[in-house]
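Readers should treat all values here as calculations from the given coordinates under stated rules, not as data from a laboratory. Owing to the predicted nature of the structure, the values given are computational and were not obtained by experimental measurement. Using ideal geometry, Cβ is built from the backbone for each residue, glycine included, and neighbour counts are taken over all protein chains shown.
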Amino acid sequence: MAKKQPTLLEFQQRFPDEAACARQLFATRWPDGFVCPACAGTRPCLLKSRAYTYECVACGRQTSVTAGTVMHRTKLSLTIWFWAAHLMATHSNGMSAQQLKGQLGLSYGTAWLLAQKLRRSMVDPNRDPLEGVVEVDQSEMPLRTDDGPYSPLKTGKIIVLGAVEVIDRTAQARPYTTTERSATQDRRRHAAGRRPLRASYRPSQTWDNAISL
């Protein structure tokens with residue numbers, strides 16, 4: 001059974017402040033405890049002069065819990081990033097910048113930039129290429145030609161392509177051989193008063209293999 005996604009209220013209760021978000025980032029980055037990326041030291045000290053940054057006692061290397069993420073050196077609070085990520089990940093139709101603005105109380109420019117960064121970070125770099133039967137479609141969408149968040153007019157058009165891999169969920173079923181299929185078709189055609197089919201392939205082939213010849 002799929003795990004139920006938490007509501008926004010439940011998510012906000014789990015990550016109510018900066019400290020809770022920082023603890024989650026720490027646990028995700030170092031699930032077995034702090035490990036220095038420079039010398040592999042395991043003794044850190046939390047700096048008071050830099051937010052959520054740890055310094056290795058052995059070599060002095062400083063590492064932030066947000067290093068390497070879209071949140072690094074951000075001026076927004078971690079709670080805004082967490083809540084925005086939750087909204088975008090749990091809405092099947094996605095979240096627009098206008099919706100993020102209303103949900104989180106941000107300016108439109110900030111919400112637009114936040115949405116752009118989150119969308120880029122949600123792409124899996126290790127995703128497998130599509131294979132087998134792939135359905136492709138395209139559509140035209142209006143866009144702002146100056147690529148700015150405050151442009152009121154959408155004067156340009158962009159072609160958006162979508163591709164979906166069609167997965168056969170009956171792959172574990174017993175193959176339907178060409179001999180069985182031909183016999184079934186012949187019975188149906190005989191009942192309808194038509195001549196039977198003449199197979200042009202070897203009986204040992206399955207139907208899927210035969211149509212690929």
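Provide the gained length on full extension for the span V57 to V133, in nm with one decimal, where the gain is 0.36 nm per separating residue minus the Cα-Cα distance.
Value of the extension gain: 21.9 nm.
Calculated FRET efficiency, Q5 and K157, Cβ-Cβ r, R0 22 Å, to nearest 0.05?
On the way: r = 35 Å, r/R0 = 1.58.
E(calc), rounded to 0.05, equals 0.05.
Which entries in the list K75/K101; K48/K75; K3/K75 go over 27 Å, if you measure between the two C-alpha atoms of each?
K3/K75
How far apart, in nm, are the 7 Å Cα→Cβ label points at A89 and V123?
Reported label-point gap for A89 and V123 is 1.9 nm.
Can you list residues from other chains, or at least 5 along the same chain, whose modelled amide H is less than 5 Å from the amide H of L143?
For L143, the qualifying residues are T155, G156, K157, I158.
Based on alpha-carbon centroids, what's the gap between the stretch 121-142 and the stretch 19-69 in Å, whole number please?
Value for the Cα centre distance between the two parts: 36 Å.
Can you pull the one-decimal nm distance between simple spin-label points at D32 and T69, each 7 Å off the Cα toward Cβ?
2.1
Going by the alpha-carbon gyration tensor, a ≥ b ≥ c the square roots of its eigenvalues, is the stretch 9-139 rounded (a/c under 1.5) or, if a/c is not under 1.5, prolate (a/b greater than b/c) versus oblate?
It comes out oblate by the Cα gyration axes.
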